[in-house]
Amino acid sequence: MFLEIEKKGQEPLVFHREIPVGKLVRQELETILVGSVRIQGQVLPARDGFLLRGRLQASTQIPCSRCLEPYIFSLETEVIRIYVSGQEPGAEIPAGERKLPADEIPLARFDGRRIDLLRLAEEQVFLDLPLKPVCREECRGLCPQCGVNRNLMSCLCRSERIDHWFGALGNLLNRS
Ligand SMILES: [Zn+2]
Ligand SMILES: [Zn+2]
């Protein structure tokens, strides 16, 4: 999905788009976008390019880092980029090349005609995913010994270990 900005003048270009379902993969963490990604905002002419500023809403399905079960993580976030035209659309710009005053605004290259909203949305969703996603605060995760999902089942691993430890302690005490 592209946002055409080739013919725009000095007026802000206001946009509101829905990008259909997709699928993202971040390293081994499979992230599925659920429903559509909504992105709205405006594009303004800026020095050397265009400033895009808006909001993005998406629902993702990601695996919990504790129990590994997929769950729905919804995000709503601000998105801001300065687009400068270059030979390779979307290529990273080396830090030394950044001549714009607002250094803290991420720079992105584009072909001078249209902005790739899908690429922007995917990039932004990745940035805003939690590093250690947790399905819910009280998630008990997997048993490190037998691998059972402790939200669904209980296992005896831990209590066995404690019994064993108390047993050993008891033996020591009895011996003295
Ligand atoms: Zn969990
Ligand atoms: Zn266990």
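Suppose we filter 40, 57, 61, 10 for residues that are more than 16 Å from ligand 2 (Cβ to nearest atom) and modelled with pLDDT under 85; which single one remains?
On the way: 40 fails: modelled with pLDDT under 85; 57 fails: modelled with pLDDT under 85; 61 fails: modelled with pLDDT under 85.
The conditions single out 10.
Which count do you get for residues in region 42-72 that are within 16 Å of ligand 1 (Cβ to nearest atom), more than 15 Å from residue 127 (Cβ to Cβ) and open to solvent by less than 60 Å² (accessible area, probe 1.4 Å)?
5
Pick from region 118-147 the residues that are in contact with a strand residue (DSSP E or B) (Cβ under 7 Å, 6 or more places away or on another chain) and at pLDDT 95 or above: which of them is farthest from ligand 2 (Cβ to nearest atom)?
135
Mind listing whichever residues of region 139-151 are within 9 Å of ligand 1 (Cβ to nearest atom) and open to solvent by 100 Å² or more (accessible area, probe 1.4 Å)?
Selection gives 140 alone.
The values are calculated or read from the model by the stated rules, or taken from the named source; none is laboratory data. Because the structure is a prediction, the values reported are computed rather than measured. With ideal geometry, Cβ positions are generated from the backbone for all residues, glycine too; neighbour counts draw on all protein chains shown. What goes into the accessible areas is simple: the full protein's heavy atoms, side chains included, and nothing from ligands, DNA or RNA. Shrake-Rupley method; radii C 1.70, N 1.55, O 1.52, S 1.80 Å.
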